[in-house]
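Report on the following structure.
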Amino acid sequence: MTARNLYRKTLNNVMLTLTGVCAFVTVSTLFVVLAYLVYNGATSVNLDFFTKLPKPTGEAGGGMANAIVGSAEIVGFAALVGVPIGFFTGVYLSEWGADGTFAFVIRYMCDLLNGVPSIVVGIFASIVIVKPMGSFSALAGGFALSLMMIPITAKSTEQFLLEVPRTLREGSLALGASKWRTIASVVVPAARRGIMTGIILGIARISGEAAPLLFTSLNNEYWSNPFKEPTASLPYMIYTRALSPYDDWHRQAWAAGLVLLGLVLIANIAARLILTRGNSAARG
Amino acid sequence: MNAPAKAKSKQSSDAMNTPGEAPVSEAPATAQAPVKMRASGVNFHYGSFRALYDISLDFPANKVTALIGPSGCGKSTFLRSLNRINETLRGTRIDGEITLDGEDVLKMDVTSLRRRVGMVFQRPNPFPKSIFENVAYGVRVNGLASRSELPEIVEKSLRRAALWDEVRDKLNESAHALSGGQQQRLCIARGLAVNPEVLLLDEPCSALDPIATAKIEDLLVAIKDQCTIVIVTHNMQQAARVADNTGFFLLGRLIEHDRTDVIFKNPAKRETEDYITGRFG
């Protein structure tokens, strides 16, 4: 055992330990966050939380039914706009955009749009929707979130379409199918699980955003008309409740955080399941 | 060595069935039947790389023509020019003339060309759909039949591809559940469903075991009275077994083409003999 061998062996062990510890820290962060949320929020998550409106300041109890529905409305609007636009952008990039300046510009813009700070997206949506309409609304919040969703959906759609083997496209073209028919009947169906997964992950990603909602949907302690009134949402509720000086509101914030994280986790797991099931089926 | 004999007897009976027209080519092999497809002076470029040099070759109707040659010799490129599937690749360029029943293929509407000239690929590429939908696909996209006629067309095509008995009870199951050989016969059935006049096969058996290969070879001999067949193959025994005519490609050039027995027993060119006797390639 020479000195050099000893050095190599030691370095090997040191690096193995270092990477292992970092991997452990990464994974345990999720569990610490989850455990903390459950510890603080679980006691406040009850039936009332899902069915009742918030109680006036100082009164204990109440729920966030309006925020849960409001979040669903806002995310629903965002998906309604963001999914089709993002999807078709992804189809264009994958099927027609292999080269050419136009596709390059679009791809680059998608990356830029993805990198725009969410609060800036909120300001933009506020000017474009809130100001002309004269009111905060779930519609404006949905518009802001859809801007975040378009690049996510476009990127993932493009990625999964590019994974569809060329021979499958040629098989369809060789039968006399047009390019569009080939894309619609063969390429997209072959990638549909991946595309669905990307969309679900995109929805999960935007449903936790609070910053774009600050100037768009605002908040509401009551039920509201999503088209022309300020609308409550879970992320915004967490924001207001956590900043308040009341213990009961703090508990509500934890509960809202737990519910939001639970929904996002469920969406993630569902997406993962869809994807793995698809892969094993493709392998036969 | 039963198979070649079988193929040969089939060939001679076919020759009697098809009264020859006036000879239209310098190749003696093509004098026996009317020309279905003809390539003259075809050049092909991938970007700056020239893949084909001045290829002229006739495909007589209802015959099997094999294209042989070492890897990268351009035989697949040439085959893929016949239904213009190569033009879907970027940066490709073709010149020369290809005709189908005298019509200019390069100027024809590409979807109707591909309806008439079907293709089977190297690896089975069934669509991620049911067995039924795979076969019905070409009929649907070309609007060739009404919905009520589909089951009959699907059954007929699967029978022609010698697959019907194996899949009749599971038409609605995924095509991916079939074995490789079955998938390849499904792809042939899919191609036959639109009643192509020409069927191009690009090394259709290279991913299959010998039993599946034998089934496909039998199938080709059985369907050639209904369409003209062009097959690219690496396997010279396969060419000898199924093909009436054979063309030998080398480095982007067609070295020679003739009746299969002439190519294998008495080739005119030194390169052909070297390749066939296994001196290179």
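Some values worked out for this structure:
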{"item": "In the range A:106-174, the GluC sites (Glu not before Pro) that fall in loop regions by DSSP, at most 16 other Cβ within 10 Å", "result": "A:GLU163"}
{"item": "Longest exposed-site-free window of chain B, the sites being trypsin sites (Lys or Arg not before Pro) in a DSSP loop that have at most 16 other C-beta atoms within 10 Å", "result": "B:171-268"}
{"item": "Alpha carbon centroid spacing (whole Å) that separates the range A:117-166 from the range A:3-70", "result": "27"}
{"item": "Long-range HN-HN contacts of B:GLY96 with modeled amide H, under 5 Å", "result": "B:ASN43"}
{"item": "Compactness relative to 2.2 N^0.38 Å, alpha carbon Rg of the range B:143-192", "result": "1.10"}
{"item": "Amide H within-cut-off set for B:ILE231, under 5 Å, with H built and near neighbours excluded", "result": "B:THR65, B:ALA66, B:LEU67, B:LEU201"}
{"item": "Peptide-level mean, for A:11-17, of C-beta atoms on other protein chains within 10 Å", "result": "0"}
{"item": "Whichever lysines have a C-alpha closer than 22 Å to that of A:LYS9, once near sequence neighbours (fewer than 8 apart) are set aside", "result": "none"}
{"item": "Per-residue HN-Hα couplings for the range A:196-206 [Karplus 6.51, -1.76, 1.60; θ = phi - 60°; Hz; x = Gly/Pro]", "result": "4, 4, x, 5, 4, 5, x, 5, 4, 5, 7"}
{"item": "Translational diffusion coefficient (Stokes-Einstein; Kirkwood radius from C-alpha pairs) of chain B at 4 °C, 1.567 mPa s, in µm²/s", "result": "68"}
{"item": "Gyration tensor (Cα) of the protein assembly as shown, equivalent ellipsoid semi-axes in angstrom", "result": "63, 27, 23"}
{"item": "Selected from B:VAL139, B:ILE255, B:ALA243, residue furthest toward positive end of dipole (the range B:2-276; charges at beta carbon)", "result": "B:VAL139"}
{"item": "For the range A:69-234, Kirkwood radius (reciprocal of mean inverse C-alpha pair distance, Å)", "result": "16.8"}
{"item": "The range B:256-281-the range A:263-278 distance, computed between alpha-carbon centres (Å)", "result": "58"}
{"item": "Nearby lysines by direct alpha-carbon distance to B:LYS215 (threshold 21 angstrom, same-chain neighbours under 8 apart not counted)", "result": "B:LYS6, B:LYS8, B:LYS10, B:LYS63, B:LYS156, B:LYS170, B:LYS224"}
{"item": "Vicinal HN-Hα couplings computed from phi for the range B:215-225 (Karplus, 6.51 cos²θ - 1.76 cosθ + 1.60; Hz; Gly/Pro x)", "result": "4, 5, 5, 4, 4, 5, 4, 6, 9, 6, 6"}
{"item": "Per-residue mean of C-beta atoms belonging to partner chains within 10 Å, peptide A:178-187", "result": "3"}
{"item": "Partner aspartates and glutamates for A:LYS228 [C-alpha distance under 18 Å; skip if fewer than 8 residues away on the same chain]", "result": "A:GLU73"}
{"item": "Rounded Å value of the spacing that divides the Cα centres of the range A:191-219 and the range B:156-233", "result": "46"}
{"item": "The range B:181-198 - phi-based ³J(HN,Hα) in whole Hz, Karplus 6.51/-1.76/1.60, Gly and Pro as x", "result": "x, 5, 4, 5, 5, 4, 5, 5, 4, 4, x, 6, 4, 8, 6, x, 7, 10"}
{"item": "Placed amide H near B:LEU250: partners under 5 Å, 5+ positions off or other chain", "result": "B:ILE255"}
{"item": "Chymotrypsin sites (Phe, Trp or Tyr not before Pro) lying in DSSP loop within the range A:184-274, provided at most 16 other Cβ fall within 10 Å", "result": "A:TYR222, A:TRP223, A:PHE227, A:TYR246"}
{"item": "Fraction of the pair-distance distribution of chain A above 27 Å, Cα-Cα pairs, percent", "result": "54"}
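Any read-out appearing in this document is the output of simple, stated calculations on the displayed coordinates, not a laboratory observation. Model, not experiment: these values are computed from the prediction. No Cβ is skipped: glycine too gets one built from the backbone with ideal geometry, and neighbour counts run over all protein chains shown.
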